[in-house]
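In what follows, a single structure is set out as structure tokens and then discussed.
The values are calculated or read from the model by the stated rules, or taken from the named source; none is laboratory data. Bear in mind that the values here come from a model prediction, so they are computed numbers and not experimental data. Cβ atoms come from the backbone with ideal geometry, glycine included; neighbour counts cover every protein chain shown. Note: accessible area is taken over every heavy atom of the protein model, side chains too, but ligands, DNA and RNA are not part of it. Shrake-Rupley method; radii C 1.70, N 1.55, O 1.52, S 1.80 Å.
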Amino acid sequence: MGIEAILIINKSGGLIYHRSFDVSKTNPTGTTSKHSLNSNDLLILASTLHSVFVISSQITPKALQLSQSNLNYTIPYHPYVGVKNPEKSPRNSIPNKYGSFKGDDYFKEPFHSWNKSGLKQLSTDQFTMYIYQTMTGLKFVAISSTVLPSHNDSETNMMNNSGININNNSSKNINALQYNLGSQIADNLLRKVYCIYSDYVMKDPFYSLEMPIKSDLFDDKVKSLIDNLL
Amino acid sequence: MSKSRSSSLSTHAANLSSKTGANQSKFFKTFGDDIWKNKIEKVNAELFIMTYGVIVQQLCQDFNNDYMKINENLFSMGYNIGVRLIEDFLARTALPRCPNMIMTSEVITKVAFKVFLNITPVVDNWSSNKDTFSLILVENPLAEFVDLPHDAKKQLWYSNIICGVLKGALEMVQLDCDIGFVSDVLRGDASTEIRVKLNKILKDEIPLGED
């Protein structure tokens, strides 16, 4: 999964962090992406996403909402997403440290998803976007260059958290497994970005809440997370 | 071994809301203990105690021993810590939203206090409508080695920063609470007690998409 960009949106819909990553490694044709956005476009994108997120939670059909009560919102843990697997690295290498998080990974257990009815994944024929929302209303967004198989390539598929395709094409167009795996790995990754955020942004005395993040340490840590991603 | 334990922890987490009373409280205890033991880096306790002592002392100097102002300042320092610390807590635990104050009190004592201060206060004195409770700090790491001067004993809440932290953190998860000390062993009282009262749940601020 090649991550093209990471965005963080605060609880009022403002973009507080954006970072693009070089995906030329995963793109053998060597073509550079033409769709680079300027900072104003990004702000509009972030607030639009924020609104679409809210709308999508409102248009979930009633019947679905009722049957949702017994759904399981636990996301399985995928080992060492974005961090070095100590079993695979050379024995004499120094173990990595992850801020105030002890051990060789930020967390090691399946976890609860706070995003129950909002937009979770957006798949197009250009990219796939994943959203992780926290209990405080912060949104972590990952844009992946992976294009998921779709019944009709020109069509945009939206999937909500219950794993049910909103544009319900009966022909089981989606490889459901692939959808789920991608979204689980993305949730694991984005929770790690949240962990880094809590360590390097929240504990930075010079950071004022809700404002854009300008922290080299945070940048470095996010970059190494993305670099380690297979 | 550790793998099977953590996976059993998570199955618990998934069914949390269906659990009741003793079961739930036992789960939070193992959950908090596990994080404290295996998942968080620590700092030296003495360094921490001394640093806090120096802060309070500095405030006493800055405000010419006006203890009311010092209490206020400690509270607002705590508040600013709380609104940030909650993110650390949530990133670390990823616990679901608590359906009632009883569960909130369990999470505060058995997970939050355990993870950040390695103590587990006792929850007591519930009001009849279950929205107000007391946290009784059997031990208080902040107040270790501390003796208050005579004039401070009547007014200063030495550990008032804790109330601020709780206030800030709970507000960020949309619980508007009143929090304050009612007694402190440093003042010669029998116990150290923090009162937590839920004013209202800030429903408008709960992020959409959560339910």
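Do we find a residue being under 18 Å from the mean Cα position of the chain (by Cα) and open to solvent by less than 40 Å² (accessible area, probe 1.4 Å) anywhere in region B:144-157? It would help to see each step written out before you state the result.
We begin by selecting, within region B:144-157, every residue under 18 Å from the mean Cα position of the chain (by Cα); these are B:144, B:157.
Next cut, open to solvent by less than 40 Å² (accessible area, probe 1.4 Å) only: none.
No.
Within the bounds of region B:117-138, is there any residue that is in a helix (DSSP H, G or I) and buried (at least 17 other Cβ atoms within 10 Å of the Cβ)? Give the derivation first.
Keep residues of region B:117-138 that are in a helix (DSSP H, G or I), which gives B:117.
From the residues that got through so far, the ones that are buried (at least 17 other Cβ atoms within 10 Å of the Cβ) too are B:117.
Yes.
Based on this model, can you work out whether A:T156 counts as modelled with pLDDT of 60 or more and either open to solvent by 60 Å² or more (accessible area, probe 1.4 Å) or β-branched (V, I, T) (or both)?
Working: modelled with pLDDT of 60 or more: no; either open to solvent by 60 Å² or more (accessible area, probe 1.4 Å) or β-branched (V, I, T) (or both): yes.
Spelling it out, it is not the case that A:T156 is modelled with pLDDT of 60 or more and either open to solvent by 60 Å² or more (accessible area, probe 1.4 Å) or β-branched (V, I, T) (or both).
Cβ contacts < 7 Å: first residue within 14 Å of chain A (Cβ to nearest Cβ), restricted to region B:181-207; second residue of a type outside the set (G, A, S) and open to solvent by less than 40 Å² (accessible area, probe 1.4 Å), any location; separation 6+ or different chain. Result?
Every condition considered, the pairs that remain are B:I201/B:Q174; B:I201/B:L175; B:L202/B:Q174; B:L202/B:D176; B:E205/B:Q174; B:I206/B:Q174; B:P207/A:Q133.
Do any helices (runs of 4 or more DSSP H) entirely within region B:19-113 hold 1 or more residues that are surrounded by fewer than 16 Cβ atoms within 10 Å (Cβ to Cβ), and if so, which? Break it down stepwise before answering.
Working: elements: B:21-38, B:45-62, B:67-93, B:101-106.
The helices (runs of 4 or more DSSP H) meeting that bar are B:21-38, B:45-62, B:67-93.
Which one of A:S93, A:S117, A:S100 is surrounded by fewer than 16 Cβ atoms within 10 Å (Cβ to Cβ) and either over 23 Å from B:P207 (Cβ atoms) or within 7 Å of chain B (Cβ to nearest Cβ) (or both)? Let's see the steps before the verdict.
Numbers: A:S117 fails: surrounded by fewer than 16 Cβ atoms within 10 Å (Cβ to Cβ); A:S100 fails: surrounded by fewer than 16 Cβ atoms within 10 Å (Cβ to Cβ).
Every option except A:S93 fails the conditions.
Given (1) touching a helix residue (DSSP H, G or I) at 6+ places or on another chain (Cβ under 9 Å); (2) more than 13 Å from chain B (Cβ to nearest Cβ); (3) outside any strand (DSSP E or B), where does A:M129 come up short, assuming only one miss?
Of the numbered conditions (1) touching a helix residue (DSSP H, G or I) at 6+ places or on another chain (Cβ under 9 Å); (2) more than 13 Å from chain B (Cβ to nearest Cβ); (3) outside any strand (DSSP E or B), the odd one out for A:M129 is (3).
How about region A:177-223: which of its residues are assigned to a loop (DSSP other than H, G, I, E, B) and more than 11 Å from chain B (Cβ to nearest Cβ)? Explain how you work it out, then say what you get.
First, the residues of region A:177-223 that are assigned to a loop (DSSP other than H, G, I, E, B): A:201-215.
The answer is A:F206, A:M211, A:P212, A:I213, A:K214, A:S215.
Go through region B:87-109 and report how many residues are more than 14 Å from chain A (Cβ to nearest Cβ) and either over 19 Å from B:I161 (Cα atoms) or among the small types (G, A, S) (or both). First the steps, then the outcome.
Taking region B:87-109 first, the residues more than 14 Å from chain A (Cβ to nearest Cβ) are B:100-102, B:105-106, B:108-109.
Restricting the remaining residues to those that are either over 19 Å from B:I161 (Cα atoms) or among the small types (G, A, S) (or both) gives B:100-102, B:105-106.
Residues in region B:87-109 being more than 14 Å from chain A (Cβ to nearest Cβ) and either over 19 Å from B:I161 (Cα atoms) or among the small types (G, A, S) (or both): 5 in total.
Please name all residue pairs, on different chains or six or more residues apart, with Cβ atoms under 9 Å, provided the first residue is in region A:46-59 and is over 19 Å from A:E210 (Cβ atoms) and the second residue is outside any helix (DSSP H, G or I) and basic (K, R).
A:S56/A:K120; A:S57/A:K116
A:L66 is checked against (1) open to solvent by 50 Å² or more (accessible area, probe 1.4 Å); (2) at pLDDT 80 or above; (3) more than 27 Å from A:S12 (Cβ to Cβ) and fails just one. What number does that condition carry?
(2)
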